[in-house]
């Protein structure tokens, strides 16, 4: 954790977020990493429902721990007049407002783009929705798995026996990344032009962008890429093979020079270089089954470690197919000093990965994960509320 948060790039920027689940919290956590003050508005009596997705991390949700470090948690009943008044005071002092409320909820609460622009002209509003705030599906609920299905991603993932979801919340992550970069661009625009522009991101459109390559392939190639498990749908050889000791090793051949090296130095089959079945990437894809049989036979002669060492010497990109325990112990993360301790509610600390974008001279903030409402009294005091007023709001279940 940096000892001087005021030196971080987004120091002095205040973000108010009515957020839940993954997409919006991922965007705001990245803003907090770079020094923004993020005030997370949660429901009294439980807070963000992602707090209860699981209890894997010392009683805390693995999702919540990942997404909410370095934030201030304020509980507010936004259905009450007093809660809405406090929200208005927070927005009056904020630079950015982020929300991923249910379809139509922001508008009904007077938190739509036009309403906010009239009351807070310098505020940058960011909405994260399922299918956009306009259009035929604007009122439709959307969760990560549903969006994976709607964008066709699930039809690309899996193997010949069936489709599969991606093992992480990829639609949420995509939307969170675009919300984060969109907010940064809007802050830059405001700084250079004085105009505070709104940012809108939908899970569906974010993930649709990410499946653009198979979309192009399908539109112009006539068929969509097949599901091929750990193989690559349009490049061969590019996939995982099982070594004699049961270790799966993935290799990737990207050009004809690498193909020749693989044949001569790994397979010890130099005659395959001139084999018409494997003359080009397209030919190798067309004859994938025959090629895979050749590679699979060779892998049965080697352990996983031996195969990877020989592939390294041959100049062929390769990797063992790791599980998550392997990732946690990965030497790259350890030797590059990528882990930092982050405090959880209750005081216990857990290791967390530094943000992947290293900025020269910048140590990102790796602050604590807040308990629900942990900062309510402090934030209200900063707005001018005295202890008696805060106690009254608590007694009335506004906070």
Review point. Quick check: anything in region 206-215 outside any loop (DSSP other than H, G, I, E, B), surrounded by fewer than 13 Cβ atoms within 10 Å (Cβ to Cβ) and touching a residue at least 12 places away in the same chain (Cβ under 8 Å)?
Key: yes
Review point. Does residue 231 satisfy being assigned to a loop (DSSP other than H, G, I, E, B) and in contact with a strand residue (DSSP E or B) (Cβ under 6 Å, 6 or more places away or on another chain)?
Key: yes
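Which of the following residues is surrounded by 16 or more Cβ atoms within 10 Å (Cβ to Cβ), at pLDDT 95 or above, touching a strand residue (DSSP E or B) at 6+ places or on another chain (Cβ under 7 Å) and assigned to a helix (DSSP H, G or I): 307, 296?
307
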Exercise for review: Pick out the one residue from 15, 41 that is in a strand (DSSP E or B), under 14 Å from residue 183 (Cβ atoms), in the same structural domain as residue 196 (by TED's automatic domain parsing) and within 23 Å of the chain's Cα centre (by Cα).
Suggested key: 15
Practice item. Could you figure out which of (1) under 25 Å from residue 190 (Cβ atoms); (2) in contact (Cβ under 8 Å) with a residue 24 or more places away in the chain; (3) in contact with a helix residue (DSSP H, G or I) (Cβ under 7 Å, 6 or more places away or on another chain) isn't true of residue 89? Key: (3)
Point to revise | Those residues of region 23-38 which are surrounded by fewer than 24 Cβ atoms within 10 Å (Cβ to Cβ) and either outside the structural domain of residue 73 (by TED's automatic domain parsing) or in a loop (DSSP other than H, G, I, E, B) (or both), in sequence order | key: 34, 35
Check your understanding: Since residue 251 meets every condition but one in (1) at pLDDT below 95; (2) in contact with a strand residue (DSSP E or B) (Cβ under 8 Å, 6 or more places away or on another chain); (3) outside any loop (DSSP other than H, G, I, E, B), which condition does it not meet?
Key -> (1)
Point to revise | Which listed residue, of 191, 174, 196, 142, is buried (at least 18 other Cβ atoms within 10 Å of the Cβ) and either part of a helix (DSSP H, G or I) or outside the structural domain of residue 126 (by TED's automatic domain parsing) (or both) | key: 174
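One line per residue, one yes/no per condition, for (1) over 21 Å from the mean Cα position of the chain (by Cα); (2) without any contact (Cβ under 8 Å) to a residue 40 or more places away in the chain:
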{"residue": "283", "(1), (2)": "yes, yes"}
{"residue": "286", "(1), (2)": "yes, yes"}
{"residue": "299", "(1), (2)": "yes, no"}
{"residue": "317", "(1), (2)": "yes, no"}
{"residue": "325", "(1), (2)": "no, yes"}
{"residue": "339", "(1), (2)": "no, yes"}
{"residue": "349", "(1), (2)": "yes, yes"}
{"residue": "365", "(1), (2)": "no, no"}
{"residue": "373", "(1), (2)": "yes, no"}
Review point. Just to be sure, is residue 258 part of a helix (DSSP H, G or I), in contact (Cβ under 8 Å) with a residue 24 or more places away in the chain, outside the structural domain of residue 295 (by TED's automatic domain parsing) and surrounded by 13 or more Cβ atoms within 10 Å (Cβ to Cβ)?
Key: no
Practice item. Taking residue 273 as meeting all but one of (1) touching a helix residue (DSSP H, G or I) at 6+ places or on another chain (Cβ under 7 Å); (2) modelled with pLDDT of 95 or more, write down the number of the exception. Key: (2)
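Within region 48-63, does at least one residue satisfy the condition of being closer than 21 Å to residue 377 by Cβ and either touching a strand residue (DSSP E or B) at 6+ places or on another chain (Cβ under 8 Å) or in contact (Cβ under 8 Å) with a residue 40 or more places away in the chain (or both)?
Taking region 48-63 as the starting set, the residues that turn out to be closer than 21 Å to residue 377 by Cβ are 48, 51.
Filter once more, so that each one left must be either touching a strand residue (DSSP E or B) at 6+ places or on another chain (Cβ under 8 Å) or in contact (Cβ under 8 Å) with a residue 40 or more places away in the chain (or both): 48, 51.
Yes, region 48-63 contains at least one residue that is closer than 21 Å to residue 377 by Cβ and either touching a strand residue (DSSP E or B) at 6+ places or on another chain (Cβ under 8 Å) or in contact (Cβ under 8 Å) with a residue 40 or more places away in the chain (or both).
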**Study point:** Meets criteria (buried (at least 19 other Cβ atoms within 10 Å of the Cβ), part of a loop (DSSP other than H, G, I, E, B) and either on the phi > 0 side of the Ramachandran plot or touching a helix residue (DSSP H, G or I) at 6+ places or on another chain (Cβ under 9 Å) (or both)) for residue 111
**Key:** yes
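The values are calculated or read from the model by the stated rules, or taken from the named source; none is laboratory data. Quick caveat, the model's predicted, so the values are computed rather than measured. Counting neighbours? That spans all protein chains shown, and the Cβs are built from the backbone with ideal geometry, glycine included.
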